[in-house]
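Written below as structure tokens is the structure these notes are about.
Derivation of every value follows stated rules applied to the coordinates shown; laboratory data play no part. Everything quoted here is computed from the prediction, not taken from an experiment. Neighbour counts are summed over all protein chains in view; Cβ atoms, including those assigned to glycine, are modelled from backbone coordinates with ideal geometry.
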Amino acid sequence: MKIIVADKSGFCFGVKKAYKMCSGCFGGLFETLGPLIHNEEILAQISEEGGRIINDPSESSGGRVVVRAHGISQCRYAELKKRTSDILDATCPFVLALQESARGFYKEGYSLFIVGQGEHPEIRSITEDIPSRVIFSEEEACAVGFEDRIALISQTTEVEDKFERISEILRGKCNDFKSKNTICLDVRERQKSAVDLAKKCDVVLVVGGRSSSNTRKLHMLCSKYARSYHILDENEIKKDWLNNCEILGIVTGSSTSEDVIYRVRRRAEEMV
Ligand code: SF4
């Protein structure tokens, strides 16, 4: 059995930056606003190194707080500043660009729509500040009533085709339509490399956290071309998945470390 790891794998730029910032706090007491990344092993390490997860600024003890790559709304940031002056902001630049686009369209007077999941922290970093509507599916886009001006942006981890289809639907629902594809570059490249790989493989292991939006989308995309399984780590691989598998692909979400990729690869090799 041949094993190929997708060209684009391991931590994305934003996760690397957030982890580096957080690791600078190791050994002292600090808090992260929400789990730093979708990776249980890294979260356990952060906890061992003195990190505590808080879910709301009101839970801050007044010490150092790390804001994760997903970012937070300006209103929550202001609340946090009232509690502590020691804030390390690891918001990913792609998320900052998304927030900026949202503010820009809103100021121009457009009704703002966002393709994504309403409860995702990145989306909440916008909806808590700016009146906007979140669209998850084409069906939801079809149900939108006629408006004068509509602007559309996207969660950074969305799938490009879906964004384009929803754009076309909403374009027909208004007099003046604007859109900005705010899907992050890393996500686009990762999705493309996952699809390219899945087309060559019999089986694909998609490695990443269960709550990782980008990993779930990679799994959905790979499933169109090969038998695909979403796993957390090497312990979840089942031997019978590898029956009659000549080429096995390994694809990862943006919070999966090189170490996990190595262990998944090694375990798969041992199983055949
Ligand atoms: S997936 Fe993209 S937007 Fe999200 S943290 Fe990584 S680089 Fe930033």
In what order do V67, V207, V134 fall by count of nearby beta-carbon atoms within 10 Å, going from fewest to most?
-> V134, V67, V207
Span-like helix ranges in the chain, DSSP H, alpha carbon extent 30 angstrom or more, Kyte mean at least 0.5 | none
Under a 5 Å amide H to amide H cut-off, with H placed in plane at 1.01 Å, what residues pair with I53 once short-range neighbours are removed?
-> T32
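Taking only pairs that are 8 or more places apart or on different chains, how many Lys pairs in the range 41-183 have Cα atoms under 23 angstrom apart?
Working: K107/K173; K107/K178; K107/K180; K162/K173; K162/K178; K162/K180.
Summing the qualifying lysine pairs gives 6.
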In percent, what relative contact order does the chain have, based on Cα pairs under 8 Å that are 6 or more apart in sequence?
-> 21 percent
Karplus 3J(HN,Hα) series, Hz, for the range 136-143 with 6.51 cos²θ - 1.76 cosθ + 1.60 (x for Gly, Pro) | 9, 9, 5, 4, 5, 5, 4, 7
Most mobile of G104, G50, G24 per a Gaussian network model of the chain (Cα springs, under 10 Å)?
-> G24
Neighbourhood charge, 10 Å Cβ-Cβ cut-off, centred on R64 and excluding it, Lys, Arg +1 and Asp, Glu -1 | -2
Taking the C-alpha atoms of the chain, how large are the radius of gyration and the largest Cα-Cα span, Dmax, in Å?
-> 20.1, 61
GNM, the chain, Cα, under 10 Å: largest mean-square fluctuation among G209, G71, G27?
-> G27
Mean-position separation - Cα centroids, the range 197-255 and the range 1-67, in angstrom = 24 Å
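I want the local charge near L98. Using Cβ-Cβ distances under 13 Å, sum +1 for each Lys or Arg and -1 for each Asp or Glu among the other residues.
Details: positive: R103, R124, K180; negative: E100, E122, D129, E158.
Charge balance in the 13 Å sphere: -1.
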Highest-fluctuation residue, E49, E31, E119 considered, GNM on the chain with Cα pairs under 10 Å = E119
Bin all alpha-carbon pair distances of the range 13-89 at 5 Å intervals from 0 and give each bin's fraction as a whole percent.
-> 3, 17, 31, 27, 16, 6, 0
Grab the other residues whose beta carbon is less than 13 angstrom from that of I54, score K and R as +1, D and E as -1, and report the net.
-> +1
In which sequence would S213, S154, S167, S223 go, from the one with the fewest C-beta neighbours within 10 Å to the one with the most?
-> S223, S167, S213, S154
What's the long-distance tail for the range 1-156, i.e. % of Cα pairs beyond 22 Å?
-> 49 percent
How high is the relative contact order of the range 13-89, in percent, counting Cα pairs under 8 Å that sit 6 or more residues apart?
-> 33 percent
